[in-house]
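Trainee: Attaching a single structure in structure tokens format; questions to follow.
The values are calculated or read from the model by the stated rules, or taken from the named source; none is laboratory data. Because the structure is a prediction, the values reported are computed rather than measured. Here Cβ is always computed from backbone atoms with ideal geometry, including for glycine, and neighbour counts include all displayed protein chains.
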Amino acid sequence: MVPALEEMLKFSMVALFVSRDKEFDEPMDGIVYATETALGFATVENIAYVLDIQTLSSLFLTGTLRAVLSVPGHALFAIFWGYSLGIAKFMPAGNRRTIVIVGGLVLAIGVHGIFNLMLEQEYAGLAIALLVLLPVVWWSAEKKIRAALLSCGSHETTESI
């Protein structure tokens, strides 16, 4: 439930406030604005977590783990819907654009949910998240970035989303 709310909140901010901006003029911009928004979200979320901690040792451990896992995690999850939003913006109007956007958002929510589930499994889950999930997500996100960069300059502007 929480990953869905977090990803939809981040997506909504970009879709409502940035996607119609004239500077959003190539598919890569979807990824750029998505990751910027995600990093801002992660910063606010981390401050809230750290301010809620009672002991110094917990503060250090939680702060370090969140900096190493949650911050890049939020950026990586956002790349999926950011890529979809960037690609869809330059597609002809129609149902296919909606399917592309929803698909990217569902993928981000799913990966975010799996990530959170692994972290809730104590230290074994944390090790799995570090050793398996993040490199896989990073590799997949890098493919989206490369595809968006390759499409720069090859798109035709259509009506905005």
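Trainee: State all residues of segment 31-56 that are modelled with pLDDT of 95 or more and either of a type outside the set (A, V, I, L, M, F, W, C) or out of contact with any helix residue (DSSP H, G or I) (no Cβ under 7 Å at 6 or more places or on another chain) (or both); if no residue qualifies, say none.
Mentor: 32, 33, 35, 36, 37, 40
Trainee: Can you name the residue in segment 15-33 that is over 11 Å from the mean Cα position of the chain (by Cα) and hydrophobic (A, V, I, L, M, F, W, C) and, of all such residues, is nearest to residue 138 (Cα to Cα)?
Mentor: Filtering first and then ranking leaves 28.
Trainee: For segment 80-96, how many residues are assigned to a helix (DSSP H, G or I) and more than 16 Å from residue 113 (Cβ to Cβ)?
Mentor: Total satisfying the criteria: 10.
Trainee: Output the number of the condition that residue 36 fails; it satisfies all remaining conditions of (1) under 23 Å from residue 144 (Cα atoms); (2) outside any helix (DSSP H, G or I); (3) free of Cβ contacts under 8 Å to residues at least 24 places away in the same chain.
Mentor: The single condition residue 36 does not satisfy is (2).
Trainee: I've got another one for you. Can you confirm whether residue 84 is out of contact with any helix residue (DSSP H, G or I) (no Cβ under 6 Å at 6 or more places or on another chain), small (Gly, Ala, Ser) and over 19 Å from residue 134 (Cβ atoms)?
Mentor: no
Trainee: Follow-up. Go through the residues of segment 70-80 one by one and say whether even a single one is over 14 Å from the mean Cα position of the chain (by Cα) and either surrounded by fewer than 13 Cβ atoms within 10 Å (Cβ to Cβ) or of a type in the set (A, V, I, L, M, F, W, C) (or both).
Mentor: Within segment 70-80, not a single residue is over 14 Å from the mean Cα position of the chain (by Cα) and either surrounded by fewer than 13 Cβ atoms within 10 Å (Cβ to Cβ) or of a type in the set (A, V, I, L, M, F, W, C) (or both).
Trainee: Next question, about the same structure. Does residue 63 satisfy the condition of being assigned to a helix (DSSP H, G or I) and closer than 23 Å to residue 25 by Cα?
Mentor: Criteria not met by residue 63.
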